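Written below as structure tokens is the structure these notes are about.
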Amino acid sequence: MTIIDAQPDLEVVGECGDGRAAVDLARRLLPDVVVMDIRMPVLDGIEATRLLAGAGVAQPVKVVVLTTSNLDEYVYEALRAGASGFLLKDAPPSRLLHGIHTVATGAALLDPEVTRQLVGRYAARIRPADGGTPADIPLTPRELEVLRLLADGLSNNEVAATLVISQETVKTFVSRILTKLDLRDRVQVVVYAYRNGLVT
């Protein structure tokens, strides 16, 4: 973590060797971003992420998970637990720093195409048997259309071109979708779309 401390706008406020200690420390210090290894002793990184960023957490913390594979099953589970994104353990320091900055601003640390592949790979398992239908979802038809395009891996620019609307309008739709569904970022939008059978 020396590379992080060496940055003028970043500071490591705590380090620990197991998931339980990570949860306790993060709850006490409330850092802007937690960099979490998926495989840790005492409490694994997935459960630690759920306790820090999952549904119902009063003061959720932004979590970036570290993994050895970008299509690791654990990555999907961590995203479902509330992580804002993931990085490969062997990523260069510059990518780690960029990732921390990205998540700190509230953006998701995943390429939409990678997200779609990742969630799509586990879609059959994560979709409930009594999966929701669009009628159960509090979005307008246009917002549903935007949600499906986001879940299909399109960038804001591509959504704008597909629907023949401005990028600003797309941003407005994305903001409304996140607010109405109580989601934090595009990663959660993709997971939501697959879980509710909106994309296949």
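The values are calculated or read from the model by the stated rules, or taken from the named source; none is laboratory data. Remember, predicted model here, so these are calculated numbers, not experimental data. Don't worry about glycine lacking a Cβ; one is built from the backbone with ideal geometry, like all the others, and counts go over all protein chains shown.
Does residue 3 satisfy the condition of being assigned to a helix (DSSP H, G or I), at pLDDT below 90 and either touching a Phe, Trp or Tyr at 6+ places or on another chain (Cβ under 8 Å) or farther than 15 Å from residue 82 by Cα (or both)? Yes: the conditions hold for residue 3. Out of 10, 30, 43, one residue alone is modelled with pLDDT of 80 or more and on the phi > 0 side of the Ramachandran plot. It is 30. Against the test of being surrounded by fewer than 22 Cβ atoms within 10 Å (Cβ to Cβ) and part of a helix (DSSP H, G or I), the options 91, 21, 26, 58 yield a single qualifying residue, 21. Are any residues in the stretch 29-40 without any contact (Cβ under 8 Å) to a residue 40 or more places away in the chain, assigned to a loop (DSSP other than H, G, I, E, B) and buried (at least 19 other Cβ atoms within 10 Å of the Cβ), and if so, which ones? Of everything in the stretch 29-40, just one residue is without any contact (Cβ under 8 Å) to a residue 40 or more places away in the chain, assigned to a loop (DSSP other than H, G, I, E, B) and buried (at least 19 other Cβ atoms within 10 Å of the Cβ), namely 40.
For the stretch 185-199, check the following and say yes or no: at least one residue is closer than 25 Å to residue 61 by Cβ and part of a loop (DSSP other than H, G, I, E, B).
yes
Look at the stretch 1-14: where a residue is in the same structural domain as residue 27 (by TED's automatic domain parsing) and without any contact (Cβ under 8 Å) to a residue 60 or more places away in the chain and a partner is among the basic types (Lys, Arg) and not in a loop (DSSP other than H, G, I, E, B), sitting 6+ places away or on another chain with Cβ atoms under 9 Å, you get 14/28.
The residue list 3, 46, 38 contains one member that is under 20 Å from residue 105 (Cα atoms) and touching a helix residue (DSSP H, G or I) at 6+ places or on another chain (Cβ under 8 Å), which is 3.
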